[in-house]
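Data first, discussion second: the structure below is written as structure tokens.
The values are calculated or read from the model by the stated rules, or taken from the named source; none is laboratory data. Fair warning: this is a prediction, and the values are worked out from it, not measured in the lab. Glycine also receives a Cβ, built like all others from the backbone with ideal geometry; neighbour counts cover every protein chain displayed.
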Amino acid sequence: MTPADAVGLSEAGERRLVWGLQLLLCGLVIYGLATFRFGVAANAGAALAVTALPAMLRREYGYTMDAGLVVLITVAVFLHVVGALGPYRWLSWYDEVTHTVSSVLIAGVGYAVLSAFERHSSAVEIPAAFRGVFVVVFVLAAGVVWELLEFAVASVARGVGVGSPLVVYGIDDIVTDMLFNTVGAVVTVLWGTEHFDSLVPFVRRWL
């Protein structure tokens, strides 16, 4: 099963969904600039750049990413941008959803990287149990980097007197984030690695 099958939309429907979310992100960039909410504009602009990554890979490397995986990337960054507008503060569960979705994506990337190394050389043989442990640790490490990035960006924004695109809500929030990062990683390990098999040949080419 591919990510496209998991999403349950036709490829044309998935492309329309991605384009619609990209248009909304463009609108948020314009809104942020017009209202001098530069944190909103920066957040939406960065997310828009991430959604353009599949097109860049296709143009530069000839790699066509599975449409369902493109949807997952776009939805993950879109949920974060929308959350920064208020839902992170208004809805206690919203942050948990965004971290779970994002960690599924990060776990898939970790799985693809590890599988590419394994297939690149016949001398590398990775036990199945270790593969799962690696994916979870990969996601947790990425989560730590993200939390440090949030703290650094928020500190710099306070220092220059502008709104921060990333907000630190405290230790309890960090612990919750890491918990749901783990949930997303475990879900991917148990049920979702096959959705990222299409990434493995592309990563292997880089090796």
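One table, with the values for the structure above:
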item: Among residues of segment 125-140, those that are surrounded by 11 or more Cβ atoms within 10 Å (Cβ to Cβ) and outside any helix (DSSP H, G or I), counted; result: 1
item: Tally, over segment 94-130, of residues that are among the charged types (D, E, K, R) and touching a residue at least 40 places away in the same chain (Cβ under 8 Å); result: 3
item: Segment 141-185: number of residues that are among the polar types (S, T, N, Q) and not in a helix (DSSP H, G or I); result: 1
item: Condition check for Ile30: farther than 24 Å from Leu140 by Cα and among the β-branched types (Val, Ile, Thr); result: yes
item: First in segment 157-182 and of a type in the set (A, V, I, L, M, F, W, C), second anywhere and at pLDDT below 75, Cβ under 6 Å, 6 or more apart; result: Ala157/Ser164
item: Criterion (touching a Leu at 6+ places or on another chain (Cβ under 7 Å) and either of a type in the set (Val, Ile, Thr) or not assigned by TED's automatic domain parsing to the domain that holds Ser115 (or both)) met by exactly one of Thr182, Thr188; result: Thr182
item: Residue within segment 41-60 that is closer than 26 Å to Leu190 by Cα and of a type in the set (S, T, N, Q) present; result: no
item: Test result for Trp206, within 30 Å of Tyr61 (Cα to Cα) and over 19 Å from the mean Cα position of the chain (by Cα); result: yes
item: Scan of segment 64-93 for residues that are without any contact (Cβ under 8 Å) to a residue 12 or more places away in the chain and under 18 Å from Gly13 (Cβ atoms), ordered by number; result: Thr64
item: Filtered residues of segment 113-139 (kept if over 13 Å from Leu207 (Cβ atoms) and of a type in the set (D, E, K, R)); result: Glu125, Arg131
item: Only listed residue being in contact with an Asp or Glu (Cβ under 8 Å, 6 or more places away or on another chain), outside the structural domain of Glu11 (by TED's automatic domain parsing) and polar (S, T, N, Q), chosen from Ser155, Ser115, Ser103, Ser122; result: Ser115
item: Count - residues of segment 1-38 that are of a type in the set (Gly, Ala, Ser), at pLDDT below 85 and surrounded by 20 or more Cβ atoms within 10 Å (Cβ to Cβ); result: 1
